[in-house]
1. Looking at region 33-46, which of the residues that are touching a residue at least 12 places away in the same chain (Cβ under 8 Å) and open to solvent by 80 Å² or more (accessible area, probe 1.4 Å) is nearest to R82 (Cα to Cα)?
2. Answer yes or no: is there a residue in region 50-63 that is part of a strand (DSSP E or B), touching a residue at least 12 places away in the same chain (Cβ under 8 Å) and open to solvent by 40 Å² or more (accessible area, probe 1.4 Å).
3. Return the total of residues in region 178-193 being acidic (D, E) and under 13 Å from A207 (Cβ atoms).
4. Scan region 6-32 residue by residue and report those that are among the acidic types (D, E) and open to solvent by 30 Å² or more (accessible area, probe 1.4 Å).
5. Which one of these does L167 not meet: (1) in contact with a Leu (Cβ under 8 Å, 6 or more places away or on another chain); (2) at pLDDT 95 or above?
6. Just one of (1) in contact (Cβ under 8 Å) with a residue 24 or more places away in the chain; (2) open to solvent by 60 Å² or more (accessible area, probe 1.4 Å); (3) of a type outside the set (A, V, I, L, M); (4) over 30 Å from W71 (Cα atoms) trips up K196, so point out which.
7. I'd like the residue in region 103-123 that is touching a residue at least 12 places away in the same chain (Cβ under 8 Å) and more than 17 Å from the chain's Cα centre (by Cα) and, out of all such residues, is farthest from A155 (Cα to Cα).
8. Here are some conditions: (1) assigned to a loop (DSSP other than H, G, I, E, B); (2) under 28 Å from S137 (Cα atoms); (3) out of contact with any strand residue (DSSP E or B) (no Cβ under 9 Å at 6 or more places or on another chain). E47 meets all but one. Which one does it not meet?
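The values are calculated or read from the model by the stated rules, or taken from the named source; none is laboratory data. Quantities reported herein were computed from a predicted structural model and do not represent experimental measurements. Virtual Cβ from ideal backbone geometry, glycine too; neighbours counted across all protein chains shown. Surface areas here come from the heavy atoms of the whole protein model, side chains and all, with no ligands, DNA or RNA. Shrake-Rupley method; radii C 1.70, N 1.55, O 1.52, S 1.80 Å.
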Amino acid sequence: MTGLRRHTLVWLSQVPETETPDDRARAMTWHQAGRPFVVTRRRNDGEAVGLGFCTTEAAHPELRPRRVAAWTHADRIVRQARPPALAEVARCPAAQARRAAFELLGAAATSAGLDIRVYGSWMWQALTGERHVHEASDLDVVIDVPGLDVANRAAVFLAQEEPDLGLRIDGELSFPDLGEVQWREILQDRDKVLLKSVDTLQLVPRARLNR
């Protein structure tokens, strides 16, 4: 399976590899529950797909969720999907306290023709129902953009909407076949931007985003 992008959700045919036995046990529990892993940058120069997931301790809800790194072979991926849509995350119980903010952003995005996807703590909250967000949690978003013109429009949109939400928007703009760029960086007047993908982390000329 090729063409994987960072933030993609994947379901596996078997438990992925981890650094420690404890994390292996966590990965097994996660996998057996039918939960997806998220694609991250490759751990090394090998062919393994970098993965991550985020667990909580039911007996200790005061503890921060634990991020776990894992990896697998591409042929063990049986299904994949983009991160959940903003509307899906907005329906989770934890989002009701910020209902006005989610509705405002969702309506504005629809009017602007932008498909906002959510990753990070709000994604895990919506997917698991466990406690991943807190009062100061950012909303991590990713928006697929075909090129620099749409990326500029999306970045301006996020900058305009953020002050009215009472919620900090973090996240990236995803350029298919290239990678992701932090949306605030798109707003900066610089010749080069930091491009992240499953394989690389590099400064590239801004013009390259239009290929």
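1. Residues of region 33-46 that are touching a residue at least 12 places away in the same chain (Cβ under 8 Å), as a first pass: 34-43.
Still in the list and also open to solvent by 80 Å² or more (accessible area, probe 1.4 Å): 41, 43.
Working: R41: 16, R43: 21 Å.
Once the filter is applied, the top-ranked residue is R41.
2. No, because not a single residue in region 50-63 is part of a strand (DSSP E or B), touching a residue at least 12 places away in the same chain (Cβ under 8 Å) and open to solvent by 40 Å² or more (accessible area, probe 1.4 Å).
3. So the first thing to find is which residues in region 178-193 are acidic (D, E), and the list is 180, 185, 189, 191.
Keeping just the survivors that are under 13 Å from A207 (Cβ atoms) gives 191.
Residues in region 178-193 being acidic (D, E) and under 13 Å from A207 (Cβ atoms): 1 in total.
4. Going residue by residue through region 6-32, those that are among the acidic types (D, E) are 17, 19, 22-23.
Answer for region 6-32, where residues must be among the acidic types (D, E) and open to solvent by 30 Å² or more (accessible area, probe 1.4 Å): E17, E19, D22.
5. (2)
6. Looking at each condition in turn, K196 falls short on (4).
7. Filtering region 103-123 down to residues touching a residue at least 12 places away in the same chain (Cβ under 8 Å) leaves 103-106, 108-109, 112, 114-123.
From the residues that got through so far, the ones that are more than 17 Å from the chain's Cα centre (by Cα) too are 103-106, 108-109, 112.
Values: E103: 19, L104: 17, L105: 14, G106: 15, A108: 13, A109: 12, A112: 12 Å.
Step by step, filter region 103-123, then rank; the result is E103.
8. (2)
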